[in-house]
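Notes to accompany the following structure.
The values are calculated or read from the model by the stated rules, or taken from the named source; none is laboratory data. These numbers were taken from a predicted model, which means no experiment stands behind them. Here the Cβ positions follow ideal geometry from the backbone for every residue, glycine too, while neighbour counts run over all protein chains shown. Heads up: the accessible areas ignore ligands, DNA and RNA and are worked out on the full protein's heavy atoms, side chains in. Shrake-Rupley method; radii C 1.70, N 1.55, O 1.52, S 1.80 Å.
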Amino acid sequence: MRPHHLFLALATLGITGMSHAAVSPVLVIHGGAGVIKRDMTPAQEQAVRTAMAHALQDGYARLKAGGSALDAVAAAITVLEDDPNFNAGKGAVFTHDGSNELDAAIMDGNTLRAGAVAGVEHVKNPILLARAVMEQSPHVMLSGTGAEAFAKEHGIALVDSSYFRTEARWQQLQKALKEDAAKQPHADVETAKHFGTVGAVALDAQGRLAAGTSTGGMTDKRWGRIGDSPIIGAGTYANSGCAVSGTGWGEFYIRTVAAHQICMKVTQMRVPLKRAAAEVINQEIPSMGGNGGAIALDAQGHISIPFNTDGMYRGWIGADGVPHVALYGDEDDGTAELPAPADSVAQP
Ligand code: ASP
């Protein structure tokens, strides 16, 4: 194969590692999809909106300062992991056995490097450990006690497991256990309560994309269950033309390889971002009985935030530097006014 043929082949696959001309940075985040009704107290709702805005501003500040898409993704997710209103880091859901087992992944679209951790119980910010796995280990995914030993060696903050506990999540587990005992359909699985996982996708001024996701998984999970969030291609994926973070019933995201599938549609099949994301999130996953949403971003800064649930905590920030946050399904998140899907054909 001649060199330029090789380059074209790699470009088609979205793996040239090529940077784009200076573009306007964009950051998109989610705080989980599910049944999101207007039943929060005004104070609770304000706390969620404030945390989302803070995550957007923190991540965007990195982008404006010339930081990478990876920096922005890690910064935004760290804010949400530290906030007890989300199912990631502090505030993570409980397993059947009453522990918190956290999963996270991060991916650099420019180089296709990725890092992930699964089932960690003492890592304050799993997204930072995932990034360390990517940057400081020869591996992509570490789990459990081995991942924590790696964290210790690399100066990643460890905490007592009691740090993650919130009363609301504990009560959620008690309810699920009662339903288990009564052999009722499991609320979190069957009726898709609000999942609460967090994720971010970013495009930096050099045109590089990144994606990250962090979660406690699903309430009452058992047997070391690992969801889609830390699985590269399922809940998290980025290449040079597309970045995706998913949230929802993870088994379906794994089976449809949801995040990778969206990106392949965009970078290989040249499907506009919004259509690519909608085909997976609004058609394929619900047709199989799954549910959830995703945030997706392409290399031109087009944003897509599809979900097939009542609502999804979501937000984005772009050229005007103003955080846009929406929680409910019928709430305008401002993405409709952005350029039409037909304009968003990727140019890897
Ligand atoms: N996708 C996550 C999982 O299945 C849950 C979520 O998105 O909230 O672990």
Counting only DSSP beta bridges with both partners in the chain, the antiparallel fraction in percent, to the nearest 5, comes to 90
Under 30 Å between C-alpha atoms, the lysine pairs in region 150-298 lying 8 or more places apart or on different chains count 12
Computed over region 234-296, the relative contact order (Cα-Cα under 8 Å, seq sep at least six) in percent reads 38
Ranked by GNM mean-square fluctuation in the chain (Cα springs under 10 Å), the top entry among A234, A147, A168 is A168
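Could you tell me what percent of the accessible area of the chain is made up of carbon and sulfur, with a 1.4 Å probe and every protein chain present?
55
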Mean accessible area per residue over the chain (1.4 angstrom probe, all protein chains present, square angstrom) is 39
Between the Cα axis of helix 144-153 and the main Cα principal axis of the chain, the angle (0 to 90°, nearest 10) is 70
Relative contact order as a percentage, the chain, C-alpha pairs under 8 Å and 6+ apart, gives 24
Length gained if A61 through R38 is fully extended, taking 0.36 nm per residue and subtracting the Cα-Cα distance, is 5.2 nm
Yeah, region 130-266 with a ≥ b ≥ c from its alpha-carbon gyration tensor (a/c under 1.5 is rounded, else prolate when a/b outruns b/c, oblate otherwise) is oblate
Whole-Å distance linking the alpha carbon centroid of region 112-179 with that of region 261-315 is 27
Taking Lys and Arg as +1 and Asp and Glu as -1, residues besides G334 with C-beta under 13 Å from its C-beta add up to -4
Summed over the other residues with a beta carbon less than 11 angstrom from that of L209, with K and R at +1 and D and E at -1, the charge totals -2
Helix 126-136: inclination vs the chain longest Cα principal axis, degrees, rounded to 10, gives 40
Toy charge model, Lys and Arg Cβ at +1, Asp and Glu Cβ at -1: the chain dipole around Cα centroid in debye, rounded to 20, equals 560
With 0.36 nm assigned to each residue of separation and the Cα-Cα distance removed, K152 to K175 gains 4.8 nm
Computed, not fitted: 222 nm per-residue ellipticity of the chain from DSSP H runs ≥ 4 (each -39500 (n - 2.57)), nearest 500, equal to -9500 deg cm²/dmol
Here, region 245-314 modelled as identical Cα point scatterers in vacuum has Debye log10 I(q)/I(0) at q = 0.13, 0.22, 0.29 Å⁻¹ of -0.30, -0.86, -1.39
Summed over the other residues with a beta carbon less than 9 angstrom from that of L102, with K and R at +1 and D and E at -1, the charge totals -4
One finds, for E167 and R222 with R0 = 22 angstrom and r their Cβ-Cβ distance, a FRET efficiency to the nearest 0.05 of 0.50
Using alpha carbon positions and the Kirkwood radius, the Rg to Rh ratio of the chain is 0.96
